[in-house]
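What follows draws every value from the coordinates through simple rules; no lab data is involved. Keep in mind that this is a model prediction, so the values were computed, not measured. Reconstructed Cβ throughout: ideal geometry from the backbone, glycine too, with neighbour counts over all protein chains shown.
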Amino acid sequence: MDKIIEQGKQAFMETYAQFPIVLTGGKGRHVHDHAGKRYLDMVAGIAVNIFGYGDERLSAALKAVIDSGMLHCSNLYWNPYAVQAATRLSRLSGMEKVFFCNSGTEANEGALKLVRKYGSSKKEGKTDIITMQQSFHGRTYGSMTATGQVKYQKSFKPLVPGFSYAPFNDIGALRAMVTEKTCAIFIEPIQGEGGVIPATDEFLVEARALCDEKDILLVYDEVQCGMGRTGYPFAWQKSKVKPDVMTLAKALGGGVPIGAVVADGKAAKVLQPGDHAATFGGNLLAGAAADCVLERLEDATFLSHVQKSSEHLKQELDKLQLRFDAIKEIRGRGLMLGVQMDRPVRPILDACMEAGLILANAGTDVLRFVPPLTITQDEIDEAVHILSGVLATHL
């Protein structure tokens, strides 16, 4: 294991502060490292591996594509996997049109182009975009500029012009920032990297009304919070406040890279041939994976399991908060929950990993729970038990 890590340090650019383990396999909700040590995974590749590991249906779908002998088909031609996935995605979301790409960053870049084309078609100079403070939308220049956190931007100026940042869940401040040049408002229904903070239903309702009033496109970034994580296919469906554009990635492929821009109504036909493209977008392997994931999200029993598991995890974390004063707040929705601490959480993450539990952070002081959606109540109990022991020892 040490040899692999050393080779990685020599070969890779130092863009990640990686944990000193090498994961080599998994089954269910557990993974194991190069030395054979087993870990309960409450991160799922950061909300990606929603079926956990070794899922037979997903494996079979991918194997069928591999056995066909064709992994890639140019978007100059049709492929049945992408068509079927787009059809399911449109049906589940109640939105009209889909564009497939390869990641959440790419999805948000596509959405940025879409909204600016829409705005400029209505009025010259109507290209300004408002996003939320503490938001996260990606690492490429457009998506990084859209991200409302200076720490991601400070070394990479000049940024893309035309962006401003409103306080999250403050409709008065948002309304005050809208001008005749505003073409879109971007919102994460649950902020992920910003600390696992849900948008209130009232904020989404008022934002929708504001966009309708001013002919502004409402965009939801559901890259992390979508795809069943809240117990609904998409997080916005709880509030029933529909966007004009939605971006997806992460869990959409169950572990295979794929992203999507989904558009409805006046946004659905903005992009035309030549406006946008992605060489590998909707390739056969990714299309088959997405179709498998979306088919599972059509199953009400699967979503009910997510809701019940979420309730159990929230109850157990609430009990933990009663025991430890260092826990300031439990927040989030579905199986996307954050435990805000009164101190930096990296030492807690390290201790949990040593004890066989994988957790992530969201910012410096929040423990993030985004487990596979197939997690069981017994596994939730195991995770909270390990965390409880770590807190008892380290606080």
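Quick notes
- Complete set of residues in the range 169-188 that are under 23 Å from P233 (Cα atoms) and either among the aromatic types (F, W, Y) or in contact with a Pro (Cβ under 7 Å, 6 or more places away or on another chain) (or both): F186
- The range 147-178 - residue that is of a type in the set (K, R) and not in a loop (DSSP other than H, G, I, E, B) and, of those, farthest from H137 (Cα to Cα): R175
- R88, sole failed condition from (1) assigned to a helix (DSSP H, G or I); (2) over 30 Å from I187 (Cβ atoms): (2)
- Pairs where the first residue, in the range 251-274, is of a type in the set (D, E, K, R) and the second is surrounded by 24 or more Cβ atoms within 10 Å (Cβ to Cβ), C-beta under 7 Å, 6+ apart: D264/D244; K266/D244
- Of the candidates L317, L337, L322, the single residue that is in a helix (DSSP H, G or I) and surrounded by 18 or more Cβ atoms within 10 Å (Cβ to Cβ) is L317.
- Given (1) surrounded by fewer than 17 Cβ atoms within 10 Å (Cβ to Cβ); (2) within 19 Å of the chain's Cα centre (by Cα); (3) of a type in the set (V, I, T), number of the condition T147 does not satisfy: (1)
- Within the range 361-379, the residues that satisfy the criterion of being under 17 Å from Y53 (Cβ atoms) and either of a type in the set (A, V, I, L, M, F, W, C) or part of a loop (DSSP other than H, G, I, E, B) (or both) are V370, P371, P372, L373, T374, I375, T376.
- Number of residues in the range 29-40 that are in contact (Cβ under 8 Å) with a residue 60 or more places away in the chain and farther than 13 Å from D378 by Cα equals 4.
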